[in-house]
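**Student:** Got a structure for you, questions after.
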Amino acid sequence: MSNPTLKEQLLALSLGTASPNDPSEKKQKEYKEHKTHKEYKEYKEHKEHKSHLAAKKKPVWLEHAQYGVELLKAHYPNCFKEMKDTKPLKIGIKQDLVKYLSTKEEIVIGDKACMVNSLAYYVGSSAYHKSMVEGATRIDLDGHAAGTVTKEEATYSQDCLQTKFKKRDDKSKRE
């Protein structure tokens, strides 16, 4: 076994390996893909940032709410659509949902509760607020027309949306 050259020793130090004779092949390959040590360092920082974001888990309530929305989409595809196709819902749709779910014995109680609770998440989304424009048609669980959005409702929804954006901006400024 020969002594490592100065270049190999520096490479091993920059890769953070224990021994200059034993740098991992993957790290060496990544290092060689970049022209300079600075480029490699930037790449490594970017990669660590991405892994940090990936490691951030969703809160349990968010997973639960998103699961409930998926159930709503599955059971009521004419009413609950992808966020880009969101339409205003009928006033009193929560009561209709509870009434309908109470007749369905094949749906487990936990899923029923999840769907009812997720309704608030759905109508609180930015996409839903954007769909709330004056004169827009509201829909019921079957996707049929059930009224229209009034000027006051549209204004209220836009205010909610602006508040949501302001909170998001304030949070990002603090981080």
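**Student:** Exactly one condition in (1) surrounded by 10 or more Cβ atoms within 10 Å (Cβ to Cβ); (2) modelled with pLDDT under 90; (3) assigned by TED's automatic domain parsing to the domain that holds SER157 is not met by LEU89; state its number.
**Tutor:** The number of the failed condition is (2).
**Student:** Within the bounds of region 110-124, is there any residue that is among the charged types (D, E, K, R) and farther than 26 Å from VAL60 by Cα?
**Tutor:** If we filter region 110-124 for residues that are among the charged types (D, E, K, R), which is where we start, we get 111-112.
Still in the list and also farther than 26 Å from VAL60 by Cα: none.
Among the residues of region 110-124, not one is among the charged types (D, E, K, R) and farther than 26 Å from VAL60 by Cα, which makes the answer no.
**Student:** Would you pick out the residues in region 78-112 that are of a type outside the set (Lys, Arg), within 26 Å of SER126 (Cα to Cα) and in a loop (DSSP other than H, G, I, E, B)? Before you say what the answer is, go through the steps one by one.
**Tutor:** Within region 78-112, the first condition is being of a type outside the set (Lys, Arg), and the residues that meet it are 78-80, 82-83, 85-86, 88-89, 91-93, 95-98, 100-103, 105-111.
Those still in the list that are within 26 Å of SER126 (Cα to Cα) too: 78-80, 82-83, 85-86, 88-89, 91-93, 95-98, 111.
Within region 78-112, ASN78, CYS79, PHE80, GLU82, THR86, PRO88, ILE91, GLY92 qualify.
**Student:** Let me ask something else. Select from region 139-154 the residues that are in a loop (DSSP other than H, G, I, E, B), over 16 Å from VAL123 (Cβ atoms) and either of a type in the set (Asp, Glu) or in contact with a Phe, Trp or Tyr (Cβ under 7 Å, 6 or more places away or on another chain) (or both) and list them in ascending order.
**Tutor:** ASP142
**Student:** Here's something else I'd like to know. Take LYS164 and tell me if it is part of a loop (DSSP other than H, G, I, E, B) and modelled with pLDDT under 90.
**Tutor:** Working: part of a loop (DSSP other than H, G, I, E, B): no; modelled with pLDDT under 90: yes.
When the stated conditions are applied, LYS164 does not pass them.
**Student:** Cβ-Cβ distance below 9 Å, separation of 6 or more or different chains: which pairs start in region 154-171 with a residue that is within 25 Å of GLU134 (Cα to Cα) and end on one that is of a type in the set (D, E, K, R)?
**Tutor:** These pairs meet every condition: ALA154/GLU134; THR155/GLU134; SER157/LYS130; GLN158/LYS130; LEU161/LYS130.
**Student:** Please tell me if SER157 is at pLDDT below 95, of a type outside the set (Val, Ile, Thr), closer than 26 Å to MET115 by Cα and not in a strand (DSSP E or B).
**Tutor:** On the way: at pLDDT below 95: yes; of a type outside the set (Val, Ile, Thr): yes; closer than 26 Å to MET115 by Cα: yes; not in a strand (DSSP E or B): yes.
It is true that SER157 is at pLDDT below 95, of a type outside the set (Val, Ile, Thr), closer than 26 Å to MET115 by Cα and not in a strand (DSSP E or B).
**Student:** Still on this structure, I have one more. Among the residues of region 115-151, which ones are more than 21 Å from GLN95 (Cβ to Cβ) and not small (Gly, Ala, Ser)?
**Tutor:** Correct list: HIS129, LYS130, VAL133, GLU134, LYS151.
**Student:** Looking at region 160-168, can you tell me whether even one residue there is surrounded by 15 or more Cβ atoms within 10 Å (Cβ to Cβ) and among the polar types (S, T, N, Q)?
**Tutor:** Within region 160-168 (the criterion being surrounded by 15 or more Cβ atoms within 10 Å (Cβ to Cβ) and among the polar types (S, T, N, Q)), the answer is no, since none of the residues qualifies.
**Student:** Next question. Please determine whether any residue of region 113-122 is in a loop (DSSP other than H, G, I, E, B), assigned by TED's automatic domain parsing to the domain that holds THR148 and small (Gly, Ala, Ser).
**Tutor:** To start, the set of residues in region 113-122 that are in a loop (DSSP other than H, G, I, E, B) comprises none.
Taking every residue of region 113-122 in turn, none turns out to be in a loop (DSSP other than H, G, I, E, B), assigned by TED's automatic domain parsing to the domain that holds THR148 and small (Gly, Ala, Ser).
**Student:** Let me ask another. Any idea how many residues of region 137-146 are loosely packed, with under 15 Cβ neighbours inside 10 Å and either not acidic (Asp, Glu) or not assigned by TED's automatic domain parsing to the domain that holds ALA65 (or both)?
**Tutor:** So the first thing to find is which residues in region 137-146 are loosely packed, with under 15 Cβ neighbours inside 10 Å, and the list is 137, 142-145.
Next, from what is left, pick out any that are either not acidic (Asp, Glu) or not assigned by TED's automatic domain parsing to the domain that holds ALA65 (or both): 137, 143-145.
Residues in region 137-146 being loosely packed, with under 15 Cβ neighbours inside 10 Å and either not acidic (Asp, Glu) or not assigned by TED's automatic domain parsing to the domain that holds ALA65 (or both): 4 in total.
The values are calculated or read from the model by the stated rules, or taken from the named source; none is laboratory data. If you're wondering where the values come from, they're calculated on a predicted model, not measured in any experiment. Positions of Cβ are backbone-derived with ideal geometry, glycine not excepted, and every protein chain shown enters the neighbour counts.
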